[in-house]
Every structure is written in C-alpha cells, then in structure tokens.
Ligand code: ADP
C-alpha cells in the first residue's frame, strides 16, 4: 500500500499476453518516469506463475544494477489483487521493431556486435546469479533512451539453484525454443537461453526470423533441416527424451561454411560464434561466459558506441 502511493499511473503504453503496461511517474518527482506493468489476474495463475510470481520477482530484484537488465523499482498489489511491477521506462521500443523496419532502419556488423554484446552480458549476469530467463526474443529486448538494450519480461524466469528441480517444458516462444525443450526435457540449463540468443543473433543478420515454425512439429523439422538432425551420434541420450521424434530423412549437422552465405555479414568469426550457440546438444552449446571470451568481439568492425546505434524513426 505504501509502495503504491509512491507512483502515479498514467496512460496505457501497451498490452501484452500477461500484462497491461502503463506510463507512470514518481509522486515526489514527476520527471522520474516509470513503466507500471499490471499482471492480468488470470495470467497470474497460468503456467504456475502467480504463487511463483513473487519469487520470480525476487530474481529480478537480485539482478538489480546490471546495465542490460531492466530495473525493477518496486512491486505492489492493487485492490483487485493484481500484481503491479514498477519498472524502468524504456521509451525507444524493442529490437524487433528495428529488425522489422527494413525500409527505414539500416544497420551493419558493428551495430549487431554492440547489440549482441549487450544481450550476452545480460544473459551472463542472469546465469551467474542462477536465473534462467526462458523467453529471450527480440521483442523482449527493450531499448533505453541512451541506446542501451535491456533484457525485460522476466515473467517466465526461474531459478536453477536447485539442480533437481523439474521444470515445465512449455516455455520460450516457439521460434526461439531449443531442441531439448521441444523434445520434452525437464532438467534443462542455461543452455536454453543460449539457443534463444543464437536465434536472435541469426535474426539480426537476416532481418527475419530464422526458424519460424508454425507448430512444434514444424519447429523440429526446421531445426533438423537448417541445423541438422539430432541423433545419438551428435547428442548422446537425445533419443531417450520423451517427445523425441525427427523426420525420417536425416540431415547431417551443417558446418560453419554452410552458414557463410546467409550469415557472412558478421564475418567468419561472427559465424563461428553463431554456430557455437546453435549446438544441438545443450552440453556442447557455448556458455554465456565463453561467448564473452570469443574472438569476434575484438575483430573489426568494433561494436558501435551505444549513442551511435540506429534507433526507431
Ligand atoms: P509483450 O511482451 O507480450 O509484448 P509486455 O507485457 O511486456 O508485452 O509489454 C506490452 C507493451 O508495453 C510492449 O510491447 C511495450 O510497448 C510496452 N512496454 C513494456 N514494458 C515497457 C517499459 N519498461 N517501458 C516502456 N514500454 C514498455
């Protein structure tokens, strides 16, 4: 109740699946803008969210202070029992808007490198703090006034400090979902986020979703065709996963060279990093920490300074 009184709610900024988002400001400082995200009552109880929601918020509170993670200022419940999150206001839209606006927004390898650096540091920080985001996609990467990209929407985030925890397999928007989740794995790791990071990387380059499956079956078929068919040879144990099914025609895993034609705009080192994020076996997938040590970041062109990055017009 006290927290609620600190903020004044303004116009609606947008509507999502789980929440309505409003502009707001601090009562004591009207120039301090915030976004107030009111989680829909029903959504609070879907996917095991609400009772957990408060705990998930703890994760967001634990992740405080990183420049590439949306800042949570406060939490309060309104009279209708809705959960309200007071978040950093990010006025410049999201990466999806920039990727899609092909006619007006032009960007190059240095820009992609800057955005990918910000995303990778955000994911590294989550994993370092034992939090999985589980819904990384361009539309959850919001842009601050100074050009900084911030990972947002921790509605599905959860801790993985308890290694025996069985987790639900129906997380992550389908196009960004890794094969282990599509095959029903319940003990998964930070590698699920890395696959999504790889999908965002690919999409930044080609400016369209890389593997846009219309169904889960189609999603698996696209992965098999474009990346390679998961088999016991490239992923020991995969055939034991409960939902394992692949098209009968087996495609060998493509090497780096096969990606150069379509993704070569980020150079040979960029493609090397991309391919490492897309390892089928989650145990062989690169980690966020290893990504940060990759040679690509130090190869020309250097990452664009955030104030020089393209923005929406
Ligand atoms: P979804 O991820 O389903 O699009 P969200 O509930 O996260 O929806 O947000 C809905 C909309 O509200 C977003 O598309 C965006 O336009 C706006 N929005 C969300 N968070 C913020 C924020 N921190 N600052 C400014 N606008 C925001």
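The values are calculated or read from the model by the stated rules, or taken from the named source; none is laboratory data. Predicted, not measured: the structure shown is a model, and the values here were computed from it. Please note: Cβ atoms are built from the backbone with ideal geometry, for glycine as well, and neighbour counts cover all protein chains shown.
Consider the range 149-180 and keep the residues that are modelled with pLDDT of 95 or more and buried (at least 22 other Cβ atoms within 10 Å of the Cβ). The one that is farthest from residue 62 (Cα to Cα) is 179. A count restricted to the range 76-94 and to residues that are under 15 Å from residue 3 (Cβ atoms) and within 14 Å of the ligand (Cβ to nearest atom) stands at 6. A search for C-beta distances below 7 Å between a residue of the range 86-97 that is under 10 Å from residue 138 (Cα atoms) and in contact (Cβ under 8 Å) with a residue 60 or more places away in the chain and any residue that is part of a strand (DSSP E or B) and more than 6 Å from the ligand (Cβ to nearest atom), counting only pairs 6+ apart in sequence or on different chains, returns 95/141; 95/149. In the range 17-48, the residue that is modelled with the highest pLDDT out of those that are within 9 Å of the ligand (Cβ to nearest atom) and more than 14 Å from residue 84 (Cβ to Cβ) is 33.
Restricted to the range 99-117, and to residues that are in contact with a helix residue (DSSP H, G or I) (Cβ under 8 Å, 6 or more places away or on another chain) and in a helix (DSSP H, G or I), which residue is nearest to the ligand (Cβ to nearest atom)?
Among those residues, the one meeting the criterion is 99.
Once the range 126-156 is narrowed to residues that are in a helix (DSSP H, G or I) and within 13 Å of residue 87 (Cβ to Cβ), the residue that is nearest to the ligand (Cβ to nearest atom) is 140. Criterion applied to 103, 111 was being closer than 26 Å to residue 204 by Cα, surrounded by fewer than 21 Cβ atoms within 10 Å (Cβ to Cβ) and without any contact (Cβ under 8 Å) to a residue 12 or more places away in the chain, and the one residue passing it is 103. Could you check, for the range 265-283, whether at least one of its residues is touching a strand residue (DSSP E or B) at 6+ places or on another chain (Cβ under 9 Å), in a loop (DSSP other than H, G, I, E, B) and surrounded by fewer than 16 Cβ atoms within 10 Å (Cβ to Cβ)? No, the range 265-283 contains no residue that is touching a strand residue (DSSP E or B) at 6+ places or on another chain (Cβ under 9 Å), in a loop (DSSP other than H, G, I, E, B) and surrounded by fewer than 16 Cβ atoms within 10 Å (Cβ to Cβ).
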